[in-house]
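Heads up: the structure comes next, in C-alpha cells.
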Amino acid sequence: MDIVIVASNKDFQVLIHGIPSIQKYIKSKHIYIITNDVSQANIMFGSIENISIIDETIFPFKYSDIEKYVPGVGSRAGWYLQQFLKLYAGNVLNLSEYYLVIDADVVFYSPISFFNNNCHPIYTMGSEHHHPYFDHMNRLHPSLTKIATVSGITHHMVFNRNILNELFEFVEKHHNYTDPFWMICLKQIDSFHACRSGMSEYEIYFNYLLLKQHSMEPRLLRWTNQSTKLMPTHENTKMYNYIAYHSWI
C-alpha cells in the first residue's frame, strides 16, 4: 500500500519525526510527499529510501481555484486544497488500488495494521461532530448524510481508488456533469463557514463507504491532539498509538 502525505513548509517540523515513525510502525510500498515547497522537501526528505517528493502543481486544481470558487475563504484556501490533493492523489500519481493518507502532523508510537485477516480495510473511529460538514455533504448529494454516530476524522484514512472514482461519478451525475467533483465541492461550501471549516474529505468518504456498504472494519485506537510545543516526546506518548501535533493548540 502506498502512503500519501500532503505537507507545506510549516508542517516539516513535525514531519521530520513523523516519517521515521511511519517507516518503523507501518508497512508500505512507497511514501509520496505532496508539497508546495519541493526544494525544501527534497533537502529534508528526498534522500530517504522509498520516498518521492511531488509538486502539488501537477494536480488539476490549484490554490487560486479555491480562492475563485470559495469567496471569503482567505488563508483557509490551503486547508481546502490539501483535501483535494489527498482525494485525487490515487489517480494523478497512479497509486496502488488502496492507499493510505496520513496527515503531516501525525507521529506514530506503536505498530498499526490497516487491513484485517479478510483483507478488508480498517477504519479508526473518531468522535468529532461538526454540523457544517454534513450540511455540505448533503448538498453534494441528498443521500450523503451522517450514517453513524462516530466520525471518520482521525488524521489518517485508507482510500480505494475505484471507490473514490465511484464517489466522484455519484456526485457529478447528480449535478448533471456540469463540473468535476472537486469544483462541485468548492461551490457547495457555505460562505459563512468558508473561512472556518466548511467541508471534510474524510467525512465524505467515510459516510459514502457506509452508505454503499463497502467492506470495512471499524476500530478504536488510542490517539489525541497535542501542541507542537510537546513534540516529539512527552510523558504520555506511551499511552497512545499516535498523536497529532498542532501549532494551533
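FYI, it's all coordinate maths here, none of it is from the lab. Nothing here was measured: the structure is a model prediction, and the numbers come from that model. Every residue, glycine as well, gets a Cβ built from its backbone with ideal geometry; the counts of neighbours run over all protein chains shown.
Count the lysine pairs in the chain whose Cα atoms lie under 17 Å apart, taking only pairs 8 or more positions apart in sequence or on different chains.
On the way: 10/229; 24/238; 62/86; 62/187; 68/187; 146/212; 173/187; 173/212.
Lysine pairs, 8 or more places apart or on different chains, close enough: 8.
List the residues whose amide H sits under 5 Å from the amide H of residue 226, counting only those 5 or more places along or on another chain, with H placed 1.01 Å from N in the peptide plane.
244, 245, 246
Contour minus end-to-end for residue 92 and residue 145, with contour as 0.36 nm per residue of separation and end-to-end as the Cα-Cα distance?
Computed gain between residue 92 and residue 145 is 16.3 nm.
Which value, in debye to the nearest 20, gives the size of the charge dipole of the chain about its Cα centre, when Lys and Arg are +1 and Asp and Glu are -1 at the Cβ?
So the dipole magnitude of the chain works out to roughly 400 debye.
Once you list every other residue whose beta carbon is under 11 Å from the beta carbon of residue 241, what net charge do they have if Lys and Arg are +1 and Asp and Glu are -1?
+3
Which value results when the Cα radius of gyration for segment 2-246 is divided by 2.2 N^0.38 Å?
0.98
How much length, in nm to one decimal, is gained on full extension between residue 135 and residue 229, taken as 0.36 nm per residue of separation minus their Cα-Cα distance?
30.4 nm
If the chain between residue 13 and residue 125 were fully stretched, how many nm would it gain, using 0.36 nm times the residue separation less the Cα-Cα distance?
37.6 nm
So how do 16-25, 194-203 stack up, highest first, on mean other-Cβ count within 10 Å?
Values: 16-25: 17.8, 194-203: 20.5.
Highest to lowest by the protection proxy: 194-203, 16-25.
FRET efficiency for residue 68 and residue 238, Cβ-Cβ distance as r, R0 = 51 Å, nearest 0.05?
Details: r = 47 Å, r/R0 = 0.91.
The value I calculate is 0.65.
Sorted by average packing, counted as other Cβ atoms within 10 angstrom per residue and highest first, what order do 120-133, 48-61, 84-97 take?
The most tightly packed comes first, giving 84-97, 120-133, 48-61.
Counting only residues 5 or more places away or on other chains, whose amide H sits under 5 Å from the amide H of residue 104 once H atoms are built in the peptide plane?
6
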